[in-house]
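Everything below concerns the one structure shown next.
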Amino acid sequence: MLRYSKANLYTKIVAILLFICFSQINAQVQLRLEPGVLLETGSDNLGLLLNIEPKVKSSTRSVIGLRFGIAINPHKFEIDDNSSFFVDDVEDNAIISFVPTFDYYLSENHYRPYVGLGLGYYLFSNFDISDRNGSIDRIEGNVNNQVGLLVRGGLEVANTRFGVVYNYIPKAEIQIPDGPTIGTVDNSYFGIVIGFTIIGRKKISDL
């Protein structure tokens, strides 16, 4: 079961709502839904992405946005060889992210290549850790939430976007309550996404 700090999560959701309200006053807002898959995960299960992003046009070729995303099973665990603990279920993890973004389009044609950057906050789920000797019950492990960098690019055709995205997050130490650090986890992840504009769609005559 994935667990998050409710106070942090509510704060970020309020920030998203305020952003949308402010943007509606000043400019037309686009809202994009972006599902995708992760590549090169440490899990035997399929890694998935889902991003929701309100965006505002800032110039002829650039837009700013605020991406709310969730990645399922992105963690790549590295447990110390001398540790008596192990991650009980490596498929039970996720990352929630809140990232302000900037995208720049390389043309104004019907087919619009783009590149983008973002810097934001990434929240990690807790996970269960067990003792190899079975001497204690499962305990809760965690890593500290971190600031990360988003880099992306691809092609936008009308109201559909095809792209790749890389989220760089520094490696973090795996901590257990009142115990030692037992290893590290690589939180960075790379994915392929398809985006759909669901609010603020461009009219065919404008393309």
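The values are calculated or read from the model by the stated rules, or taken from the named source; none is laboratory data. Only a predicted model underlies this, so the values are computations on that prediction, with no experimental measurement involved. Every residue, glycine as well, gets a Cβ built from its backbone with ideal geometry; the counts of neighbours run over all protein chains shown.
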Can we say Tyr114 is surrounded by 19 or more Cβ atoms within 10 Å (Cβ to Cβ), hydroxyl-bearing (Ser, Thr, Tyr) and under 11 Å from the mean Cα position of the chain (by Cα)? no
Those residues of segment 169-196 which are outside any loop (DSSP other than H, G, I, E, B) and loosely packed, with under 14 Cβ neighbours inside 10 Å, in sequence order: Glu173, Thr181, Phe196
Residues of segment 141-168 being assigned to a loop (DSSP other than H, G, I, E, B) and exposed (fewer than 12 other Cβ atoms within 10 Å of the Cβ), in sequence order, are Asn144
Could you give every pair whose Cβ atoms fall below 7 Å, whose first residue belongs to segment 22-39 and is more than 20 Å from Leu155 (Cα to Cα) and among the small types (Gly, Ala, Ser), and whose second residue is modelled with pLDDT of 85 or more and surrounded by 13 or more Cβ atoms within 10 Å (Cβ to Cβ), counting only separations of at least 6 or pairs across chains? Ser23/Pro54; Ser23/Val56; Ala27/Val56; Ala27/Lys57
State whether one or more residues within segment 129-140 are at pLDDT 90 or above, part of a strand (DSSP E or B) and loosely packed, with under 14 Cβ neighbours inside 10 Å. no
